[in-house]
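Below: the structure, in structure tokens.
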Amino acid sequence: MNLNKMQVRGESHGTALVVDQSLTLTADGNTDWFHHPADTFRRNNVVSLAAEVAEEIFSVTARISVEFSSPYDAGAIFLQVDDDNWAKLAFEYSAEKKPTIVSVVTRTTSDDCDGPNYLGDKVWLRLYCEADTIAFHFSEDGKFWHFLRWFAIPGLRNRPLTVGFGVQSPTGEGAKAHFDHIKLSYEKIADLRNGS
């Protein structure tokens, strides 16, 4: 994945720094990408780095660390069909102030789901898309992948799709996320639940 050819979005809400094949995203405070389930607000003011992918089958992986400070600080991998339909897999500081694997699936409004707490300071995340479904996985070592979620969103059959990396700090004064070991692959995953 050539980070230098990807597009920076939301530059007025933070910064993106690419060095070799690693990425550091720094968010300003009060930044989030979330459509409240009760439809009380829709926020999309995060800084991100994005690219289009046209292939039928692909995955995006990265190892992520976040300088957590306030609840919901997070670094994430995302996939977007359009403004109303998108999903993100995040390494996030929970309301209980514990690093957590979090997924958000948005079909006009957001379905927000906290996964397991994660004690390490770095975690591997993977977004896998095949035809009209997406799978989310996480890993301690980038080799054995824990299944987290499998789902669909409207318009997912459309290509190209937008994928990328983002950072947020909804309740704090800012956050920094670092992404390395970034990879875009077109290999099919035969079994989503066996660790491969």
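The values are calculated or read from the model by the stated rules, or taken from the named source; none is laboratory data. Please read these numbers as outputs of a predicted model, since none were measured by experiment. Positions of Cβ are backbone-derived with ideal geometry, glycine not excepted, and every protein chain shown enters the neighbour counts.
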Can you find even one residue in the range 141-159 that is over 14 Å from the mean Cα position of the chain (by Cα), surrounded by 14 or more Cβ atoms within 10 Å (Cβ to Cβ), basic (Lys, Arg) and over 18 Å from GLN80 (Cα atoms)?
no
Test each condition in (1) among the hydrophobic types (A, V, I, L, M, F, W, C); (2) out of contact with any Gly (no Cβ under 8 Å at 6 or more places or on another chain); (3) at pLDDT 95 or above for ALA38 and report the one that comes out false.
(3)
Is it fair to say VAL46 is surrounded by 20 or more Cβ atoms within 10 Å (Cβ to Cβ) and within 20 Å of CYS129 (Cβ to Cβ)?
no
Among the residues of the range 121-139 satisfying the criterion of being surrounded by fewer than 19 Cβ atoms within 10 Å (Cβ to Cβ) and within 16 Å of ALA76 (Cα to Cα), which is farthest from the chain's Cα centre (by Cα)?
ASP121
Can you tell me which residues in the range 98-120 are among the polar types (S, T, N, Q), under 18 Å from VAL66 (Cα atoms) and exposed (fewer than 15 other Cβ atoms within 10 Å of the Cβ)?
ASN117
Report the residue count in the range 11-37 for those that are part of a loop (DSSP other than H, G, I, E, B) and either within 19 Å of PHE91 (Cβ to Cβ) or touching a residue at least 60 places away in the same chain (Cβ under 8 Å) (or both).
6
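Rundown of residues vs (1) more than 16 Å from the chain's Cα centre (by Cα); (2) buried (at least 17 other Cβ atoms within 10 Å of the Cβ); (3) closer than 25 Å to PHE147 by Cα, yes/no style:
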| residue | (1), (2), (3) |
| --- | --- |
| ASP28 | yes, yes, no |
| PHE34 | no, yes, yes |
| PRO37 | yes, no, yes |
| SER59 | no, yes, yes |
| ALA76 | no, yes, yes |
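Can you name every residue in the range 115-147 that is among the small types (Gly, Ala, Ser) and either out of contact with any strand residue (DSSP E or B) (no Cβ under 7 Å at 6 or more places or on another chain) or in a strand (DSSP E or B) (or both)? Reasoning before the result, please.
Start the filter on the range 115-147 by keeping residues that are among the small types (Gly, Ala, Ser), which leaves 115, 120, 131, 135, 139, 142.
Result: GLY115, GLY120, ALA131, ALA135, SER139.
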Pairing a residue in the range 111-136 that is free of Cβ contacts under 8 Å to residues at least 40 places away in the same chain with any residue that is of a type in the set (Gly, Ala, Ser), where Cβ atoms lie under 7 Å and the two sit 6 or more apart in sequence or on different chains, gives CYS113/SER103; ASP114/SER94; GLY115/SER103; ASP132/ALA152; THR133/ALA152
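What strands (runs of 3 or more DSSP E) completely inside the range 41-83 contain at least 2 residues that are touching a residue at least 40 places away in the same chain (Cβ under 8 Å) and not hydroxyl-bearing (Ser, Thr, Tyr)?
The strands (runs of 3 or more DSSP E) meeting that bar are 47-53, 57-67, 74-80.
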So which residues in the range 163-196 are over 18 Å from ILE77 (Cβ atoms) and in a strand (DSSP E or B)?
GLY174
Out of PHE78, PHE34, report the one residue that is within 30 Å of ALA190 (Cβ to Cβ) and in contact with a strand residue (DSSP E or B) (Cβ under 8 Å, 6 or more places away or on another chain).
PHE78
Within the range 84-114, track down each residue that is in a strand (DSSP E or B) and basic (Lys, Arg).
LYS88, ARG107
